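Trainee: Pasting a structure here, questions to come.
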Amino acid sequence: MSVLIRSVGVHIPERRITNDELGKMVDTTDEWIRSHTGIGARHIAADGMLTSDLGADAAKKALAKAGVSPKELDFILVATATSDYLGFPSTACIIQDKIGAHGCAAFDITAGCTGFIYGLEIASNMLSARRGHHALVIGAETLTRVTDWTDRSTCVLFGDGAGAVVLSNIEEGGRGVLKTILGADGGGALDLYLKQAERPKSFERAPAQVPSIVMNGKNVYNFAVKSITVLIERIMHLSMYRLEDFAWIVPHQANARIVQAAAKRLGIPEERFYMNMEEYANTSAASIPIVLGEMEDKGLLKRGDLIMLLGFGAGLTFGGSVIRW
Ligand code: UT7
């Protein structure tokens, strides 16, 4: 038996903001954003839409494509940095209710932009160990709700969206999630974090504060380039595959310059990496499943193709997965 990605569903909000439009809100230009990040636009969740709405829509599409009923799910795992509620209840429980998957286990994980890769590894192992049948792994974010729109160094980077995959534990000759590497460097925790009201030091009410993203861009940039480089080297070392065996390398869509720098360091042509941050910007845990959905729609993922997923982000966390599609 192996655990394989049966289907992908994606939710991209309709509302789209270009770099030029952002240039009217903060002191920035299309030229600066494109040359420093490769980003051209981002999509923003409609007023009133929550992370769970985006995730539930992506989940319904993935279930319909796989022909799996919500009632057949063993569990739902949501990777998000922007859960509907702070702390509890989990966004996974809210999605469970919205898609009518009553009764199955549901929980969130926090691993920043690497959340989808962490989720894949947890879900694959749970399905195998418990001899389960089907699970949903969802990456869903409404990052623009925690963006400081006066900070030009971060507000140009992020967007909203969701991607979901149905994982099934079935016999399918060699296909599936083959190998995953996960890691973290908690020493860099404050290089990228969500600033909230300071916790009270005693029994008193904390002042309310809208959370917002705080980032040391240079540190995160260096960590990201190193993560991609080290992950690819480790995957090559730990598996019997050669780089030529991979049809695609799918990195987290943070910044094209990060991918280009890592590709140059390793001597890998940039075209081997699939990138779509130009249209969607950085959607954190949702970026990899959104890419997979787009690649599938374009017919770029063929059954039996070997692909490599690479994630890095807040934590600081990193992770890579080898998948036989
Ligand atoms: O999932 C992980 C999420 N995080 C990331 O992926 C971020 C990783 N870091 C980065 O991608 C880069 O560090 C940034 C794109 C955020 C910044 O690029 P940089 O080349 O490191 O720029 P910088 O911070 O060194 O800033 C250079 C200049 C500064 O001006 P001065 O001090 O040289 O006059 C900034 O104030 O660019 C200025 N700047 C901007 N100018 C126009 C910063 N942001 C902007 C902006 N528009 N949006």
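The values are calculated or read from the model by the stated rules, or taken from the named source; none is laboratory data. The model shown is predicted, which means the values in this text are computed figures rather than measured ones. Because the Cβ atoms are built from the backbone with ideal geometry, glycine has one as well, and the counts that use them run over all protein chains shown.
Trainee: Answer yes or no: is there a residue in region 233-243 that is among the hydroxyl-bearing types (Ser, Thr, Tyr), in contact (Cβ under 8 Å) with a residue 12 or more places away in the chain and under 30 Å from Ile44 (Cα atoms). Lay out the reasoning, then the answer.
Mentor: We begin by selecting, within region 233-243, every residue among the hydroxyl-bearing types (Ser, Thr, Tyr); these are 239, 241.
Filter once more, so that each one left must be in contact (Cβ under 8 Å) with a residue 12 or more places away in the chain: 239, 241.
From what is left, the residues that are under 30 Å from Ile44 (Cα atoms) are none.
Checked region 233-243: no residue is among the hydroxyl-bearing types (Ser, Thr, Tyr), in contact (Cβ under 8 Å) with a residue 12 or more places away in the chain and under 30 Å from Ile44 (Cα atoms).
Trainee: Here is a check on your reading of the model: is Gly174 modelled with pLDDT of 95 or more and away from the ligand (no atom under 14 Å from the Cβ)?
Mentor: No.
Trainee: When you go through Met215, Met236, Met240 one by one, which is the residue that is within 16 Å of the ligand (Cβ to nearest atom) and not basic (Lys, Arg)? Explain how you work it out, then say what you get.
Mentor: Details: Met236 fails: within 16 Å of the ligand (Cβ to nearest atom); Met240 fails: within 16 Å of the ligand (Cβ to nearest atom).
Exactly one of Met215, Met236, Met240 is within 16 Å of the ligand (Cβ to nearest atom) and not basic (Lys, Arg), namely Met215.
Trainee: Right, next: If I filter region 44-68 down to residues being basic (Lys, Arg) and over 23 Å from Pro89 (Cα atoms), which single residue comes out as nearest to the chain's Cα centre (by Cα)? Before you say what the answer is, go through the steps one by one.
Mentor: Step one: of region 44-68, the residues basic (Lys, Arg) are 60-61, 65.
Restricting the remaining residues to those that are over 23 Å from Pro89 (Cα atoms) gives 61, 65.
Working: Lys61: 17, Lys65: 20 Å.
Within region 44-68, the match that is nearest to the chain's Cα centre (by Cα) is Lys61.
Trainee: Against the condition surrounded by fewer than 14 Cβ atoms within 10 Å (Cβ to Cβ), within 16 Å of the ligand (Cβ to nearest atom) and more than 16 Å from the chain's Cα centre (by Cα), how does Lys226 come out, does it pass?
Mentor: No; evaluated as a whole, the condition is false for this residue.
Trainee: Looking only at region 133-168, how many residues end up being modelled with pLDDT under 95, in contact with a Leu (Cβ under 9 Å, 6 or more places away or on another chain) and of a type in the set (S, T, N, Q)?
Mentor: 1
Trainee: Let me ask another. Could you please find all residues in region 274-306 being farther than 18 Å from Lys61 by Cβ and either of a type outside the set (A, V, I, L, M, F, W, C) or within 16 Å of the chain's Cα centre (by Cα) (or both)? Explain how you work it out, then say what you get.
Mentor: Here is the first cut: in region 274-306, the residues farther than 18 Å from Lys61 by Cβ are 274-275, 277-279, 281-282, 284, 300, 302-306.
Residues satisfying the conditions are Tyr274, Met275, Met277, Glu278, Glu279, Ala281, Asn282, Ser284, Lys302, Arg303, Gly304, Asp305.
Trainee: Right, something else. Would you say Ile33 is in contact with a strand residue (DSSP E or B) (Cβ under 6 Å, 6 or more places away or on another chain), surrounded by fewer than 24 Cβ atoms within 10 Å (Cβ to Cβ) and touching a residue at least 24 places away in the same chain (Cβ under 8 Å)?
Mentor: no
Trainee: Return yes or no: is Ile249 more than 16 Å from the ligand (Cβ to nearest atom) and crowded, with 17+ Cβ neighbours inside 10 Å? Please lay out each step first, then the result.
Mentor: On the way: more than 16 Å from the ligand (Cβ to nearest atom): yes; crowded, with 17+ Cβ neighbours inside 10 Å: yes.
Yes: the conditions hold for Ile249.
Trainee: Which members of region 19-70 meet the condition of being within 16 Å of the ligand (Cβ to nearest atom) and not in a helix (DSSP H, G or I)?
Mentor: Of all residues in region 19-70, those within 16 Å of the ligand (Cβ to nearest atom) come to 19-42.
Correct list: Gly23, Lys24, Met25, Val26, Asp27, Thr28, Thr29, Gly38, Ile39, Gly40, Ala41, Arg42.
Trainee: Working only within region 59-76, note down all residues that are surrounded by fewer than 18 Cβ atoms within 10 Å (Cβ to Cβ) and either closer than 17 Å to Gly139 by Cα or of a type in the set (Gly, Ala, Ser) (or both).
Mentor: Across region 59-76, the qualifying residues are Ala64, Gly67, Ser69.
Trainee: Of all residues being within 12 Å of the ligand (Cβ to nearest atom) and closer than 20 Å to Ser153 by Cβ in region 261-296, which is surrounded by the fewest Cβ atoms within 10 Å (Cβ to Cβ)? Just the residue, please.
Mentor: Ala261
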